[in-house]
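The values are calculated or read from the model by the stated rules, or taken from the named source; none is laboratory data. These numbers were taken from a predicted model, which means no experiment stands behind them. Here the Cβ is made from the backbone with ideal geometry for all residues, glycine too, and neighbour counts use every protein chain on show.
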Amino acid sequence: MAILIIGHLRRQPRWLAALLPATLWQSFIRSDVTAILGIAVLVFAFMPAARELFGSRRFALITGGCVLTLAVAVQALLQFVLYPHATYAPDGQPVTFFYNLHPRILATFFIAMLPYALLSLLVLRRWRRLGPADILALGASLLYLPLWFTVGIVSEVRIFVPFLLLVTPAAAKLLLRPLSTQP
């Protein structure tokens, strides 16, 4: 939903007023997804396509900063105020990088991520067909992969689903454009 709202920001900056409550709501569900989106917008602000999507680099930086700040604030509220005694299991570790290198877990990861890998190949060949919102969505998904691999369990593919949904419009553009009669 955030990418759809971001797509309207250039024409009507007041959509930021809709993006912030959506960010707040999403942060209570999965603050990692919202934080990565904020970081992606901040990185995207330094690309030439940022002006096309946001109208100015400054507005992109403000938007990304607001999204990231809200995500971090909600995570801090949940972790330190509402649930200060919630901890990891004694035998559990927050960094799971080496656990994810197990062959069975990697096999599950590669099978599940095959469509994403194919999309990545299409992006490399046809990246000029993508709009700025598509580039932002792909950038956010690429930023999330190392985080997921380091502190998540990659065999739990459902964790990446928000980003798979985020890149679906880009996949549709890249796959369906060759079938259309329009240039």
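Just wondering, is there one or more residues in the range 74-90 that are surrounded by fewer than 14 Cβ atoms within 10 Å (Cβ to Cβ), in contact (Cβ under 8 Å) with a residue 40 or more places away in the chain and either within 25 Å of Thr168 (Cβ to Cβ) or out of contact with any Asp or Glu (no Cβ under 8 Å at 6 or more places or on another chain) (or both)? Walk me through it before giving the result.
Residues of the range 74-90 surrounded by fewer than 14 Cβ atoms within 10 Å (Cβ to Cβ): 76, 79-90.
The next check asks that each one be in contact (Cβ under 8 Å) with a residue 40 or more places away in the chain; those that pass are none.
Checked against the condition, which is being surrounded by fewer than 14 Cβ atoms within 10 Å (Cβ to Cβ), in contact (Cβ under 8 Å) with a residue 40 or more places away in the chain and either within 25 Å of Thr168 (Cβ to Cβ) or out of contact with any Asp or Glu (no Cβ under 8 Å at 6 or more places or on another chain) (or both), the range 74-90 yields no hits at all.
Please go through the range 9-28 and pick out each residue that is buried (at least 16 other Cβ atoms within 10 Å of the Cβ) and either within 19 Å of Arg51 (Cβ to Cβ) or outside the structural domain of Ser56 (by TED's automatic domain parsing) (or both).
Leu9, Arg10, Trp15, Leu16, Leu19
Would you check if there is a residue in the range 129-150 being within 26 Å of Ile3 (Cα to Cα), more than 18 Å from the chain's Cα centre (by Cα) and either not assigned by TED's automatic domain parsing to the domain that holds Ser56 or not aliphatic (A, V, I, L, M) (or both)?
For the range 129-150, residues within 26 Å of Ile3 (Cα to Cα), more than 18 Å from the chain's Cα centre (by Cα) and either not assigned by TED's automatic domain parsing to the domain that holds Ser56 or not aliphatic (A, V, I, L, M) (or both): present.
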